[in-house]
Amino acid sequence: MLKSLFNWKVLVNLVVAIGVFVGLVWLTFRWLEYHTNHGQEIPVPNVVNKSVHDAVKILDDTGLEYEVDSATYDPKYRPFQVLQIYPAPGSRVKDGRTVRLKVNPRTWAQIAVPDVINKYSGLAFQRLDQVGLKIGDTIYEPSIQKDALLRILYKGNAVNPGARLPRFSVIDVVVGSGPMRNISIPNVVGLSVKEARAVIAKSMFEVGLVEYEDGGKDESDIIYYQDPASGDVRDQGMQIDLWASKKTPAELRAKVEQLNSIYRMKVDTSLPPVRYEEVHNEPSYEAPVPVPMPRRETPKTEAPKTETPKPQPTTPKPASTTTEKPKASTSTPATGNAAKQTASTATHQSAQKPKAKKVVVE
């Protein structure tokens, strides 16, 4: 077996196989050297602090590829200034190697405007400041939404929620200052419903009830009546009711008169105005009426009268002289008031002067 192994034919085949293998390996490495430019290295140029346009031109002349990546905006550097390069400047790389550049952006990164329209201005300002937007001027505009944020302006143009603005941009805001007072109501009779809506909105009012005579909703119908009437004054945001028809207002005169009797009150100005006077009622205090106390009557003690007997005369007097008879009044009795007056006078005198007692001594 060893004899057959060392046969010249076997040895020739083995040498040929080894030669083919070595040749393939050599050709492979030669191809790799040619393909990878082995030994042909290029130093990375220093383009830091240059503008991105100049850096790209230098890399193109050197034969290097590049990628541009934006960093966080830094106001200390110029816009589009190269801040960093990778690989580092001076490193040796192959021809065609990609180099990454980090460039300062032109301005801050853009952010989305938050939806703060029709929100309370205090909360809206806080939300805008959180996302990085700076508030410049605050413009007050008449509106029924008092203290509400109505619009956002950037460089004089209105910005809708969701629009992207550079961070730390200065924006102006429009805030409602409350409704205007005593605005004259426009005349929309004779206009179409569509035209009336535009006029009412321009006058800072709102369209209320729209009643169509035929029951439809054709915006081309003609307004033949409105309430409140034109020329009246109302506050901003008040509603104006409309009546529309395909007929002209002249053809609906009877309907207009009927509506006038309902919505137009007639005030009688011939009556004098009612005057109201203020009456100041002061509290009055009445003194309490004293209650009379019952008086206790003390009986009067009359001193006993002593009668002194008269001495009897020795000569007896006739009986006619000892007895006094009352004289009969010969005058006629008084009638009427005279008699009453006389009686009352006599009674009064008798009450004032007590009658003297007559003592008859026989």
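Structure summary
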{"read-out": "Around GLN126: net Lys/Arg minus Asp/Glu count, Cβ-Cβ under 15 Å", "value": "0"}
{"read-out": "Vicinal HN-Hα couplings computed from phi for region 177-184 (Karplus, 6.51 cos²θ - 1.76 cosθ + 1.60; Hz; Gly/Pro x)", "value": "9, x, x, 6, 9, 6, 9, 6"}
{"read-out": "Estimated inter-spin distance, ALA158 and SER177, nm [label 7 Å along Cα→Cβ]", "value": "1.9 nm"}
{"read-out": "Solvent-accessible heavy-atom area per residue, rounded to whole Å², over region 41-137 at 1.4 Å", "value": "62 Å²"}
{"read-out": "Pair GLN126, GLN110: separation of 7 Å Cα→Cβ label points (nm)", "value": "3.0 nm"}
{"read-out": "Long-range HN-HN contacts of LYS94 with modeled amide H, under 5 Å", "value": "ILE42"}
{"read-out": "For region 222-238, Karplus couplings with θ = phi - 60° (6.51, -1.76, 1.60), whole Hz, Gly/Pro x", "value": "8, 6, 10, 7, 9, 9, x, 6, 5, x, 5, 10, 9, 7, 4, x, 5"}
{"read-out": "LYS146-SER51 pseudo-label distance in nm [points 7 Å out on the Cα-to-Cβ vector]", "value": "5.6 nm"}
{"read-out": "LEU32 - accessible surface, heavy atoms, 1.4 Å probe, Å² rounded to 10", "value": "70 Å²"}
{"read-out": "Among 122-128, 25-31, the order from most to least packed when residues are scored by Cβ within 10 Å on average", "value": "122-128, 25-31"}
{"read-out": "Selection of trypsin sites (Lys or Arg not before Pro), region 144-222, meeting DSSP coil and at most 16 other Cβ within 10 Å", "value": "LYS146, LYS155, ARG167, ARG181, LYS217"}
{"read-out": "Full-stretch length increase - VAL25, ILE117 - with 0.36 nm per residue and alpha-carbon distance subtracted", "value": "25.7 nm"}
{"read-out": "Potential extension, GLU41-GLU213 segment - 0.36 nm per residue separation minus Cα distance", "value": "52.8 nm"}
{"read-out": "Anisotropy class of region 180-264 from Cα gyration tensor, a/c 1.5 cut", "value": "oblate"}
{"read-out": "Kirkwood hydrodynamic radius over Cα pairs of region 26-115, then Stokes diffusion coefficient at 25 °C and 0.890 mPa s, in µm²/s", "value": "165 µm²/s"}
{"read-out": "Hypothetical label at GLU67: residues of region 90-133 whose amide nitrogen lies under 16 Å (7 Å Cα-Cβ projection)", "value": "96-103"}
{"read-out": "Residues with amide H under 5 Å from that of VAL210, placed H, sequence gap 5 or more", "value": "LEU242"}
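The values are calculated or read from the model by the stated rules, or taken from the named source; none is laboratory data. These numbers were taken from a predicted model, which means no experiment stands behind them. Heads up, the Cβs are rebuilt from the backbone with ideal geometry, glycines too, and the neighbour counts pull from every protein chain shown. Note: areas computed on protein heavy atoms with side chains; ligands, DNA, RNA excluded. Shrake-Rupley method; radii C 1.70, N 1.55, O 1.52, S 1.80 Å.
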